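A.B. asks: Structure provided below as structure tokens; questions to follow.
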Amino acid sequence: MNAIVVLDTGGRVVHGNPAAQDLFADPAMNAAGVHIDVLLPDSWAGMHVLLSASCPHISRRVMINGRPMLLNASVFFQGSSRAGILCLFQDTSAYEHTISRLKHYKEVNDELDVIINSSFDGLWICDNQARVLRVNPASQKMSGVTEADVIGRPMQELIDEGLFDQSATLAVLEKETAVTLNQRLKDGRRILVTGNPIYDENGGIRLVVVNARDISELNRLHAELQKSRALTHQFRSELSHFHRIQNLGSRFIMRSPVMQRAFETAMRVAPVDSSVLLTGESGVGKGLISELIHEASRRRKGPLIRINCGAIPESLIESELFGYEKGAFTGALVEGKAGYFEMAEGGTLFWDEIGELPLSVQVKLLRFLESNEVTRVGATRPQKIDVRIIAATNRNLEQMVDSGRFRKDLFFRLNVVPIAIPPLHRRVDDIPALILFFLDHFNRKYQRKKIVLPEAVDCLCRYSYPGNVRELQNLVERLVVLTPEDQIAQLHLPEKVRIAEEGDAAFAADEKYDLKSAVQGIEKRLITRALDSAVSQRQAAVRLGIDHTTLSRKIRRYKIQTGSRVFQSRDPV
């Protein structure tokens, strides 16, 4: 029942039916003669105009006690005089619910259209009379027909015209079960079709959905799969050294702005095949970033092969990377051997410590980057390889280029997208999260229940970590194993960590009490942190309370690396 409220010419309630009393939660509203603005704030102004002009309010939407309502108001007369206003409130929640459901059904229908139209397999949908209701684009491409050629036509008629030799739809309707057939098209090609019945609520067949796939494509994919399995089995022992199966989402911890920017850059470059150069100190997580880029790329189903250029003897590095033919040299396997490039086919090749690569091999790597071809040792013909290159180093390649220890052309080929991974002491915001992660890991590994007290966390955050994340990991493991109490306090930390206060950090490593060096160290660290958290050098200068030109001079003086960011000279503060 709709709520009805009668107002006098002054806007006071003279009558409200039970539905109105329930709506406004005021059973005494008739006796009280309350003003309509009390029940429905700021409504009388519009109704007063309505009373003057005798123009009704039609379907005005209002909210009353959290309920959506439509208000229809009109003037009523007593004789020729305006006696008041009749207000009718109609609950619209049911209508809005219906509209919401209709919108949901439309979204589901649109999603179904996208799924059907984007399917790689051909899809035919027929009714229980074997008449074609729908075919997707893949079916049209596969069979050479259009929707206009087949929609509404029975399958038997299409067979009679020679479009195909038999119908899975007719077989399903006859046998009342799923059917798979080897179907021949009019051009002689063979496709594999599977028909599935869709039943109505009474158990009868309502629709038949037929899935079609070109067998020649299946055979090609099967051959590629067999080749991939054989290659994977052959080099399983070698690949196990380079692969780390882990959940990247739970391992990649980033709270600091500088690490978030590195992560965002990695995510932007992951979908494309551009070469990536990861730079940073040892132990900062360059290997983890390479895994992240691989997992987020279109090559994630292919292998990720990691090569430590400094761990392979120079005499063997060429044959290990590019492979060799049988009889290429004394001691070679009779059947020859595939190199890491071939092992990474369709995937990603991660060159760790690229700065250790000999100049002779740098030439071959450059040739691959230019032509995507490699030649086995002892072979005469190159072969095409589809591999993405990610390189990493903890050395300054530009200085190595200047000194002639690294090829300039190779450097520019690798340095398409540089990503600088900052050391841990520049990512102080990450340290508490990393401590908790490693603490949980080693507690579960050693069946302990250790916790780290806040004072110890603060002290750990002040330490410089020359070994970066790897050093922090080892430190937490040592504390979990050796601390006798369940609570790890500051006194349990190693001495070199406990003395690493802000003022001591500049001389804690070598015990030299040089005031000038200590002040410079603190100044460099503060400038670095300001740059990491600011969007421009100018903003960083304001935060430090110095002039922009002074900051630029200090950056050059201390040779502070700003990573992959490009600071704008005219950014607003």
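The values are calculated or read from the model by the stated rules, or taken from the named source; none is laboratory data. Everything numeric in this text was worked out from a predicted model, so none of it was measured. Reconstructed Cβ throughout: ideal geometry from the backbone, glycine too, with neighbour counts over all protein chains shown.
A.B. asks: Hey, among Leu277, Leu292, which residue is buried (at least 21 other Cβ atoms within 10 Å of the Cβ), touching a Leu at 6+ places or on another chain (Cβ under 6 Å) and not β-branched (Val, Ile, Thr)?
C.D. replies: Leu277
A.B. asks: What's the total number of residues in region 549-559 that are in contact with a helix residue (DSSP H, G or I) (Cβ under 6 Å, 6 or more places away or on another chain) and either assigned by TED's automatic domain parsing to the domain that holds Phe263 or at pLDDT below 85 (or both)?
C.D. replies: Within region 549-559, residues that are in contact with a helix residue (DSSP H, G or I) (Cβ under 6 Å, 6 or more places away or on another chain) and either assigned by TED's automatic domain parsing to the domain that holds Phe263 or at pLDDT below 85 (or both) number 1.
A.B. asks: Another question, then. Please work out which residue is farthest from the chain's Cα centre (by Cα), limiting yourself to region 36-59 and to residues that are exposed (fewer than 15 other Cβ atoms within 10 Å of the Cβ) and in a strand (DSSP E or B).
C.D. replies: Only one residue tops the list, namely Ile58.
A.B. asks: Another question about this same structure. Suppose we keep only residues that are of a type in the set (Val, Ile, Thr) and surrounded by 17 or more Cβ atoms within 10 Å (Cβ to Cβ) within region 334-360. Which one would you say is farthest from Leu231 (Cα to Cα)?
C.D. replies: Here is the first cut: in region 334-360, the residues of a type in the set (Val, Ile, Thr) are 334, 348, 354.
Checking which are surrounded by 17 or more Cβ atoms within 10 Å (Cβ to Cβ) leaves us with 348, 354.
Working: Thr348: 16, Ile354: 26 Å.
Among them, the one singled out is Ile354.
A.B. asks: Can I ask one more? Test of understanding: among Pro313, Pro271, which residue is at pLDDT 85 or above, in the same structural domain as Gly347 (by TED's automatic domain parsing) and more than 24 Å from Asp430 (Cβ to Cβ)?
C.D. replies: Just one listed residue meets the conditions, Pro271.
Condition check ((1) in the same structural domain as Ser143 (by TED's automatic domain parsing); (2) under 36 Å from the mean Cα position of the chain (by Cα); (3) small (Gly, Ala, Ser)) across all residues:
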residue: Thr180; (1), (2), (3): yes, no, no
residue: Arg184; (1), (2), (3): yes, no, no
residue: Gly188; (1), (2), (3): yes, no, yes
residue: Asn196; (1), (2), (3): yes, yes, no
residue: Asn202; (1), (2), (3): yes, no, no
residue: Val209; (1), (2), (3): yes, yes, no
residue: Ala212; (1), (2), (3): yes, yes, yes
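A.B. asks: Sort out for me the helices (runs of 4 or more DSSP H) sitting completely within region 330-448 that have 3 or more residues that are more than 27 Å from Arg255 (Cα to Cα) and in contact (Cβ under 8 Å) with a residue 40 or more places away in the chain.
C.D. replies: By residue number, 340-343, 359-371, 408-414.
A.B. asks: Moving to a separate point now. Hey, among the residues in region 170-197 that are in contact with a Lys or Arg (Cβ under 9 Å, 6 or more places away or on another chain) and farther than 18 Å from Arg220 by Cβ, which one's surrounded by the most Cβ atoms within 10 Å (Cβ to Cβ)?
C.D. replies: My answer is Val193.
A.B. asks: Follow-up. Can you tell me which of Phe242, Phe235, Phe252, Phe263 is over 24 Å from Phe411 (Cβ atoms), at pLDDT 80 or above and surrounded by 14 or more Cβ atoms within 10 Å (Cβ to Cβ)? Quick ask: steps written out before the conclusion?
C.D. replies: Details: Phe242 fails: at pLDDT 80 or above; Phe235 fails: at pLDDT 80 or above; Phe252 fails: at pLDDT 80 or above.
One residue alone meets the criteria, Phe263.
A.B. asks: Can you name every residue in region 380-404 that is touching a helix residue (DSSP H, G or I) at 6+ places or on another chain (Cβ under 8 Å), among the acidic types (Asp, Glu) and within 23 Å of Gly347 (Cα to Cα)?
C.D. replies: None - no residue of region 380-404 is touching a helix residue (DSSP H, G or I) at 6+ places or on another chain (Cβ under 8 Å), among the acidic types (Asp, Glu) and within 23 Å of Gly347 (Cα to Cα), so the list stays empty.
A.B. asks: Another question, if that's okay. Condition test on Arg381, is it basic (Lys, Arg), at pLDDT below 90, in the same structural domain as Leu321 (by TED's automatic domain parsing) and farther than 15 Å from Leu357 by Cβ? Walk me through how you get there before you give the answer.
C.D. replies: Values: basic (Lys, Arg): yes; at pLDDT below 90: yes; in the same structural domain as Leu321 (by TED's automatic domain parsing): yes; farther than 15 Å from Leu357 by Cβ: yes.
Answer is yes for this residue.
Per-residue answers, yes or no, for (1) assigned to a strand (DSSP E or B); (2) free of Cβ contacts under 8 Å to residues at least 40 places away in the same chain:
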residue	(1), (2)
Ser139	no, no
Val145	no, yes
Ala148	no, yes
Glu157	no, yes
Gly188	no, yes
Leu207	yes, no
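A.B. asks: Considering only residues of region 107-137 that are within 27 Å of Leu218 (Cβ to Cβ) and in a helix (DSSP H, G or I), which is modelled with the highest pLDDT?
C.D. replies: Per the stated criteria, the residue is Pro137.
A.B. asks: Is it true that some residue in region 405-414 is within 21 Å of Ile293 (Cα to Cα) and in contact with a helix residue (DSSP H, G or I) (Cβ under 6 Å, 6 or more places away or on another chain)?
C.D. replies: Checked region 405-414: at least one residue is within 21 Å of Ile293 (Cα to Cα) and in contact with a helix residue (DSSP H, G or I) (Cβ under 6 Å, 6 or more places away or on another chain).
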